[in-house]
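*Asks:* Sharing a structure, written as structure tokens. Questions coming.
Read-outs throughout are calculated quantities, based only on the coordinates presented, and are distinct from any laboratory measurement. Keep in mind that this is a model prediction, so the values were computed, not measured. As a convention, Cβ positions derive from the backbone with ideal geometry for all residues, glycine included, and neighbour counts pool all protein chains shown.
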Amino acid sequence: MRRPDLKAFKRRLRRLARRTASVGYRSIVVPLLGQEETEHALDLACRLAADSRARVVLVAPLLVEQELPLDAHFDAEVRELRERLDHAGAIADSYGVRPRRRLIRTRVGGLGRELADVARDHRAELVVVGAPVTSRQGFRRPFPQEILQILRDAPCRVMIATGPYAGRSRVRASLPDAGRSSPTRWPSRPGTPPAG
């Protein structure tokens, strides 16, 4: 009976593990939506891009009201968006990733379609969006409407980078006396004076 070649088997196993474990992204789109979670999304996208040698496309949307034409002059807003793009580009440069910067003009409610066009233009394989969690009541609107539009219209995978829960800041204790109005006193550690 012939014994199997153990070295060849291990070599094939390592090759298979490399192929399946490494999801290589070539292009990652990051919309800069002006929320604090955008910094977390940018950090996440830059780490992914640095690992897989991908490029990051930074997109700054300028929302134009319905009454105005898309090519209307918004000098102050465009200057502010370019500063945000430069700041995000500096963060991406610190990871060793060379970003591409895009400023897009869109209408309210059309952000998802515009980002989908940018993702198609750059052949993006991932969109990383920073979004606050607005509801923990199941899946009935856990994110703002603009994030849901991006999810619906994106031609590729979408990763949502969330921060802390944006709802109530206190969590009700599940103790039998949780409804009482007096403050709860916790026992002090040995060697520390009692509070109060």
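*Asks:* What is the sum of charges around residue 76, taking Lys and Arg as +1, Asp and Glu as -1, for the other residues whose C-beta is under 12 Å from the C-beta of residue 76?
*Replies:* On the way: positive: 79, 82; negative: 75, 77, 80, 83.
Here the charged neighbours net out to -2.
*Asks:* Under 14 Å from the 7 Å Cα→Cβ point of residue 53, by amide nitrogen: which residues of region 95-120?
*Replies:* 97-98
*Asks:* What value does region 23-165 have for Rg/Rh, both radii from Cα atoms and Rh as Kirkwood defines it? Don't jump to the answer; show the numbers that get you there.
*Replies:* Details: Rg = 14.8 Å, Rh = 15.4 Å.
With Rg and the Kirkwood Rh in hand, the quotient comes to 0.96.
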